[in-house]
Structures are given as structure tokens and as C-alpha cells.
Amino acid sequence: MEFSVTLISAGLLIALVWVLSQKSRKQFCLPPGPSGLPIIGNLLQLNKRAPFKTLQKLSESYGPVITVYLGRQRTVVLVGYDAVKEALVDQADDFTGRGPLPFLVRATKGYGLGISNGERWRQLRRFTLTTLRDFGMGRKGMEEWIQEESKHLVARMNSTKATPFDPTYFMSCTVSNVICCLVFGQRFSYDDDRFLHVLQIISEILKFGSSPWGMLYNIFPRLMEWLPGQQHKMFARIEELREFIMRKIQEHQDTLDPSSPRDYIDCFLTRLSQEKHIPTTEFHYDNLVSTVMNLYLAGTETTSSTLRFALSVLIKYPKIQENMLQEIDTVIGQERCPCMEDRKSLPFTDAVIHEIQRLMDIVPMSIPHYALHDISFRGYTIPKATVIVPLLHSVLKEEKQWATPWSFNPEHFLDQNGNFKKNPAFLPFSAGKRSCVGESLARMEIFLFLVSLLQHFIFSCPGGPDIVDLSPEYSSFANVPRVYKIIATPRC
């Protein structure tokens, strides 16, 4: 009897939640969207391995601004360039909020630049952009660091002696060393076991976040904390990463000279000391640890995955690789290090790189935004505490923006005379006030590393171009490219 009463009560509670959600939809004049089920919302309708594909499909029925429920979380999805640009650029102040993504909240303990809002976000973003620029991000100094690191990458690839190898850790080490120079003031040997272990953790974090299990954690965090599963192992690994960062911070504290800052951590520690008596300051230890983690994660895996995907594309399309080699040989040759000034003289190479990023679609759902207050948008009301997803996938693959959106086609970025042309719908780094702080660094790395590699090697794989599958191995938060053993044949 007691069990029956409990069951009936639970059923009534679920029904009440559903009724209230329907009432909320009418009360706020929410954007249209499919009906959902109590508790789980629209989850059963989503493609678990690629939810962004379902969201794009739903827009065909409900328009470019749609409402879905991911569990009980009300979510507004912006589909297509016009809607995304109108929100993130034209109404930028309304859409600066960052969604409290449970996985990132747990990983960062709620601190840091990545998921912050309000005064914390303003202080940390302004400081981070200024500091990274002071240390050369987007400037000549950083260009020289990347050129130097490219020599280590070329040497390591030469050591493979044209035999098949997995490029994953070469790329991760190379890209990570650039952010290590900015943040830690040092680079690591490609043979450093501790460094390789940290890179393995970063790779696992990205794969978990892009798996159905990671998506479930973000939707039902309390339930997933209670259930057994790989999320517990993942948070243990994140704790290892935090400990690595905290050791580096301690090393900086022990050797700090405020008059001669070496890197980002030194600058933050100096600011922390200067403002330690200000109650409202955001320059404290917890924000330092989590912001360094944000920079290290974002500055390593996405760019290294893009470079790895780029090699797969060049192996898949050897004629494209051949044309790039010819252009690079004509403009730079094989002896001089490439520099960013060369980019305007390499229109085909630049177009290929842009098309690689467009096709890869590295973060298809972006990092969710959040309504910090009620927002009026296109005649609808987006209520406070709504998660907002700018569907970058729909921008990078929109048919009215790209001639052949689903195919690799460098002509998307070339005019009739073979000159490079921009496309405003090229938004792999998002747009507006929450766009990626490391965009200029990532652009520089991708160009300089890839051109440097093509000066020295021709890339192929043991099974030939036909075995290369450019579809991602993992999708959801990020499109993680498939792993192939490749051959780097030295050029004469």
C-alpha cells in the first residue's frame, strides 16, 4: 500500500513539473520547439553521438531559434549565421553569460575564466588578454617561439625515418609547449614522462566531454555523481592535472621577482599580492589555478587536434597537398622559416587552412551561453537561467553561406582570381565578447606549424588516401578526429 502511494505521488510530481514547464513556455513567449517528456525533456529525440545534428534538423521545422529541454534544463538553440551573429555580435551585452556546464564547474571548482560571469569574468578576461599580448600572443615574439618549436617538431618527425607513426603526441607536445612558454615560462622535452602523462590526461578529458557519458553528466550531474562510471576516474585524472598546475605555481612563488615577470603565472601572482587587501578582487589562488587550467586545456588539445586533422585532409587529397607544396616552395622555399607575413603571399595555402577548420567544426555546439536576465530576441523572450547554444555547426555548414558545405573545398575562400577572400560565416572560434581568448595564437600556430611541416615532408599513410575517414571519432562537445598512422617522407 505504501509503495502504491509513493508511486502515485511520484507520478503526480512528474506531471506537475511537466505542466509547469508548459505553462512557462506560454508565459514567457519562448521560441518554438518540440514537446518533451517530463524529467528527460527532449533527450530521447537527440542523436546521442552527435546531438548538434538533431538540433539542426529540428530547426527545419521550428525555425532558427528553437527551445528544447535537455533533461529539465531549458535550452534555446540559435541556428544559422544570421541568428548567431545577431545574438553574439548585435546583442553582445545580452549574451555574455556563460552556462554553468556541470562538468566544467566540477573540474574548475567553479573558479577561473572559462565559466565565470559578471565582475569575475570582466577582471579575468581583461587581465588575461592584456597579459598574453604582453608576452607576445599575436605578435613577433610569439611568432619566434612557434618558429623555434617547429624546429623541434621537424626534428622529431625526421627521427621516424619515413616509417609509419602516430602523430598525436608529436602534435600535442608541440602545441602544448607554446602555451607552456606563455603560462609556465618553459617548454618540455618530448620525452618528459610527466609532460606526456599530463597530455594524456588532457586528451582523455576532451574525449570524455565529447562522449555520451560526458553529455549525461552535464544533464544529470547529481545522478551521475551517485552512479558508478568513468566520470569518477575522469575527475581523479583532473585532480592530477590540478596538482601539476599547483606545483608549477608553487615553483613560481618560490622564485618570483615582481619587477621581472617571466610568464602569465608571475603576472597573476604579482597582481594577487597587490590586491590581497581588496575584498572584491578576483585575483586569488583559486582563480589562478582554474584559469591556468582553462588556458592549458584550451591551448593544447583543440589546436593539436586541428593540426592532426589537417594532415589527414592532406593525405586524403594528395593533389591539394601538392599544390600547397608548390606555392610554399615558390614563395618561401625550403630553407627559411615561414612567418605570418608570408600568409598574404600564400592565398591557396591560407584557403586550405581555413577550409580545414571549417570542415572540422571543432566545437559544433560552442561552449554554452547563459541568460543572466530575461532577454528579448526576435520577438521571443529568453527567460533568465536559460542555457543558450549558438550552434556553430549550423554556421560552418550552412548551405546559403557555403557552395558545398559538406565537402572539402578550398574554393570557399578564394575569389575568381585565386586571391584569398574572407567569409563572415567562418566562426570556428565563436564570436562576440565570449569568443576564444586564444584565437590569434591558434591561427598563428596552425599556419606556421603546417607550413613548416610541408617545407620538409610529404605526408601519406600506409593504406593510401582512400582509407582516410574525415568524420570524427568522437562528437558532442568537440569533434575529435580519427587517429591514423602516417608517413612523413623527407623532401629532397
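In a residue-by-residue description of region 391-398, the property of being buried (at least 22 other Cβ atoms within 10 Å of the Cβ), β-branched (Val, Ile, Thr) and not in a loop (DSSP other than H, G, I, E, B) applies to at least one position.
Go through region 355-410 and report how many residues are aromatic (Phe, Trp, Tyr) and within 22 Å of Leu30 (Cα to Cα). Don't jump to the end; show me each part of the working.
Initial filter on region 355-410 (aromatic (Phe, Trp, Tyr)): 370, 377, 380, 402, 406, 408.
Next, only the ones that are within 22 Å of Leu30 (Cα to Cα) stay: 370, 377, 380.
Of the residues in that region, 3 qualify.
Taking the residues in region 473-488 that are farther than 14 Å from Phe309 by Cβ and under 20 Å from the mean Cα position of the chain (by Cα) as candidates, determine which candidate is least open to solvent (accessible area, probe 1.4 Å).
Within region 473-488, the first condition is being farther than 14 Å from Phe309 by Cβ, and the residues that meet it are 476-477, 485, 487-488.
Right, trim to under 20 Å from the mean Cα position of the chain (by Cα) and you get 476-477.
Numbers: Ser476: 8, Phe477: 62 Å².
Selected residue: Ser476.
Condition check ((1) open to solvent by less than 60 Å² (accessible area, probe 1.4 Å); (2) within 30 Å of Thr131 (Cβ to Cβ); (3) not basic (Lys, Arg)) across all residues:
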| residue | (1), (2), (3) |
| --- | --- |
| Phe408 | yes, no, yes |
| Glu445 | yes, yes, yes |
| Gln455 | yes, no, yes |
| Gly463 | yes, no, yes |
| Val468 | yes, no, yes |
| Ser471 | yes, no, yes |
| Pro490 | no, no, yes |
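Here the condition is being part of a loop (DSSP other than H, G, I, E, B) and more than 21 Å from Ala83 (Cα to Cα); of Gln401, Gln455, Gln416, it holds for Gln416 alone.
Restricting attention to region 107-148, and to residues there that are of a type in the set (S, T, N, Q) and under 20 Å from the mean Cα position of the chain (by Cα), which single residue is surrounded by the most Cβ atoms within 10 Å (Cβ to Cβ)? Before the answer, list the steps.
Applying the first criterion (of a type in the set (S, T, N, Q)) to region 107-148 yields 108, 116-117, 123, 128, 130-131, 147.
Keeping just the survivors that are under 20 Å from the mean Cα position of the chain (by Cα) gives 108, 116-117, 128.
Values: Thr108: 24, Ser116: 22, Asn117: 15, Thr128: 20.
Top of the filtered list is Thr108.
Lys207 satisfies every condition listed in (1) free of Cβ contacts under 8 Å to residues at least 60 places away in the same chain; (2) at negative phi; (3) in contact with a helix residue (DSSP H, G or I) (Cβ under 9 Å, 6 or more places away or on another chain) except (1). If the Cβ limit is 8 Å and pairs must be 6+ apart or interchain, which residue in region 330-341 that is open to solvent by less than 20 Å² (accessible area, probe 1.4 Å) pairs with which residue that is among the β-branched types (Val, Ile, Thr) and part of a loop (DSSP other than H, G, I, E, B)? Every condition considered, the pairs that remain are Pro338/Ile332.
Can you find even one residue in region 64-76 that is of a type outside the set (A, V, I, L, M, F, W, C), touching a Leu at 6+ places or on another chain (Cβ under 6 Å) and modelled with pLDDT of 95 or more? Don't jump to the end; show me each part of the working.
Within region 64-76, the first condition is being of a type outside the set (A, V, I, L, M, F, W, C), and the residues that meet it are 64, 67, 69, 71-75.
Next cut, touching a Leu at 6+ places or on another chain (Cβ under 6 Å) only: 67.
Within this subset, residues satisfying the condition of being modelled with pLDDT of 95 or more are 67.
Checked region 64-76: at least one residue is of a type outside the set (A, V, I, L, M, F, W, C), touching a Leu at 6+ places or on another chain (Cβ under 6 Å) and modelled with pLDDT of 95 or more.
As a summary of the residue check, Met234 satisfies the conditions (1) over 30 Å from Leu70 (Cα atoms); (2) without any contact (Cβ under 8 Å) to a residue 60 or more places away in the chain; (3) buried (at least 20 other Cβ atoms within 10 Å of the Cβ) except for the one numbered (1). Residues that are small (Gly, Ala, Ser) and either without any contact (Cβ under 8 Å) to a residue 40 or more places away in the chain or open to solvent by 10 Å² or more (accessible area, probe 1.4 Å) (or both) within region 300-329 comprise just one, Ser312.
The values are calculated or read from the model by the stated rules, or taken from the named source; none is laboratory data. On a predicted model such as this, the values are computed, not experimentally measured, just so you know. All Cβ positions, glycine included, derive from the backbone under ideal geometry; neighbour counts span all protein chains shown. Each accessible area value is taken on the protein alone, full model and side chains, heavy atoms only, with ligands, DNA and RNA left out. Shrake-Rupley method; radii C 1.70, N 1.55, O 1.52, S 1.80 Å.
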